[in-house]
1. Given +1 on the Cβ of Lys and Arg, -1 on the Cβ of Asp and Glu, and no further charges, what dipole in debye does the range 1-136 carry about its Cα centre, rounded to the nearest 20?
2. What is the packing order of peptides 57-65, 294-302, 184-192, taking the mean over residues of other C-beta atoms within 10 Å and listing the highest first?
3. Please report the antiparallel percentage of DSSP beta bridges with both residues in the chain, rounded to the nearest 5.
4. Enter the per residue convex hull volume of the range 83-122, computed from alpha-carbon coordinates, in Å³ rounded to the nearest integer.
5. Of A299, I138, L193, which is farthest towards the positive pole of the chain's charge dipole, taken about the Cα centre with +1 and -1 on the beta-carbons of Lys, Arg and Asp, Glu respectively?
6. Using alpha carbon coordinates only, what is the Rg to Rh ratio of the range 232-388, with Rh defined as the Kirkwood radius?
7. When only alpha-carbon atoms are used, what values of Rg and Dmax, in angstrom, describe the chain?
8. Below 8 Å, C-alpha to C-alpha, sequence gap of six or more: please give me the relative contact order for the chain in percent.
Amino acid sequence: MDFALTEQQLAIEESVAKICRQFDDEYWSKCDEQARFPLEFHRAMADGGWLGITMPEELGGAGLGVLEAAIMMQTVAAGGGAQAAASALHINLFGPHAIVVHGTPEQKARFLTPLIKGEQKACFGVTEPDAGLDTTSIKTFATRVPGGYRVSGRKMWTSTGQVADKILLLTRTTAKDDAKRPTDGMTLFYTDLDRSKIEVRRIHKLGRNAVDSNAVFIDDLFIPESDRIGEEGKGFSYILHSLNPERVLVAAEAIGLGRDALRRAALYARDRVVFGRPIGQNQGIQHPLAECWTKLEAAWWMTLRAGWLYDQGLSCGAEANAAKFLAAQAAFETATRAVLTHGGMGYAREYQVERLFRESILPRIAPVTEQLILSFIAEKVLGLPKSY
Ligand SMILES: Cc1cc2nc3c(=O)[nH]c(=O)nc-3n(C[C@H](O)[C@H](O)[C@H](O)COP(=O)(O)OP(=O)(O)OC[C@H]3O[C@@H](n4cnc5c(N)ncnc54)[C@H](O)[C@@H]3O)c2cc1C
């Protein structure tokens with residue numbers, strides 16, 4: 001057993017951190033205040049070749065594993081940009097995973113190359129207003145027509161829809177009631193986000209304002225057959241394949257945010273003098289911060305283990321879910337504690353921790369909630385009856 005990061009993994013941390021240092025607090029504050037996509041950051045990461053970290057080498061990607069992608073995303077989120085920085089890349093990194101695994105060589109070249117180069121952006125249309133976490137109840141329907149499909153329906157929360165060129169879209173091609181199993185009859189497409197047929201309406205939200213999320217209305221969109229990923233009716237299984245790696249990445253991003261919040265809290269606790277001594281000399285300030293460190297570290301090693309299991313081709317569902325659960329809670333607790341450590345200044349934008357705090361609840365909710373994670377572990381690990 002060897003817990004040390006390899007030279008290559010350490011180099012990933014170092015190189016990504018170097019790019020992140022070009023984007024300071026003022027940059028991220030402005031992106032948040034103006035609800036502006038961090039285009040310059042996205043460009044810098046694309047130019048550094050980082051958007052292709054998990055993509056095939058023959059297309060210009062690095063062909064590395066989820067473990068390396070997790071190390072990269074932890075570094076990205078820890079660099080000050082938190083969820084906004086991570087989400088600007090995340091969807092391009094992991095949304096199209098189904099294409100990497102199930103796309104034809106022609107589709108991989110056509111779809112993945114522009115993503116790797118940062119020439120196109122993708123969004124991920126799975127969640128629907130009337131289905132929620134019960135994905136098999138989605139209603140967006142693709143009807144077969146000569147040469148392709150006609151699609152109508154609604155999606156909810158679709159992130160980066162304001163700036164995306166493409167959408168990865170999960171639809172039904174057989175109604176749930178007519179399918180053999182609820183998970184059958186769903187079909188996945190990767191296609192142009194044609195704004196003449198798709199209305200993308202921004203949702204005003206608590207945080208991560210630099211990266212938009214949207215209600216999406218699709219009205220009689222034609223999708224050519226060449227934009228269907230894999231076989232008709234098997235879309236749900238393709239999406240499932242990418243869920244565990246996505247959870248590992250979300251966990252890594254949460255830990256990055258938590259570590260940045262902890263760094264800022266410790267810095268303030270060393271500097272701020274009240275009652276004639278630094279506030280960090282009080283155990284009431286020290287202990288909660290030290291406890292946050294232990295929780296972030298524990299979640300980090302769970303995350304690396306889950307990523308490693310995935311890359312070895314081993315089963316990792318419980319571990320990936322546990323990593324996401326632990327990391328999100330640790331990040332939220334740390335960001336809360338960072339605000340409290342700053343006292344009144346924690347509430348001021350100047351110290352950044354309020355931005356991290358607003359963003360830190362997101363990984364507890366998306367892409368899957370804590371309740372559903374616990375229900376999954378109860379069923380799959382503990383053998384208890386399925387509850388959802
Ligand atoms: C900022 C943001 C960005 C997002 N980006 C995207 C995106 O790009 N693409 C995309 O497709 N989706 C996206 N999502 C959607 C996200 O994945 C969902 O919000 C999440 O999966 C929860 O689904 P829901 O909101 O419909 O909750 P619901 O399904 O309505 O659940 C509401 C609450 O009930 C609980 N609950 C429901 N059923 C059960 C049960 N059986 N047992 C116990 N508890 C239960 C849930 O855990 C939750 O607490 C995003 C969400 C947010 C907030």
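The values are calculated or read from the model by the stated rules, or taken from the named source; none is laboratory data. In this text the structure is predicted, and so the values were computed from the model without any measurement. Note that each Cβ is placed from the backbone with ideal geometry, even for glycine, and that neighbours are counted across all protein chains shown. To get the accessible areas, we keep the full protein, side chains included, count just its heavy atoms, and leave off ligands, DNA and RNA. Shrake-Rupley method; radii C 1.70, N 1.55, O 1.52, S 1.80 Å.
1. About 340 debye.
2. Per-residue mean Cβ counts within 10 Å order the peptides as 184-192, 294-302, 57-65.
3. 85 percent
4. 53 Å³
5. After comparing all options, I get I138.
6. Numbers: Rg = 18.3 Å, Rh = 16.8 Å.
Reported Rg/Rh, Kirkwood definition of Rh: 1.09.
7. Just the Cα atoms of the chain yield Rg and Dmax of 21.1, 79 Å.
8. Averaging sequence separation for qualifying contacts and normalising by length gives 16 percent for the chain.
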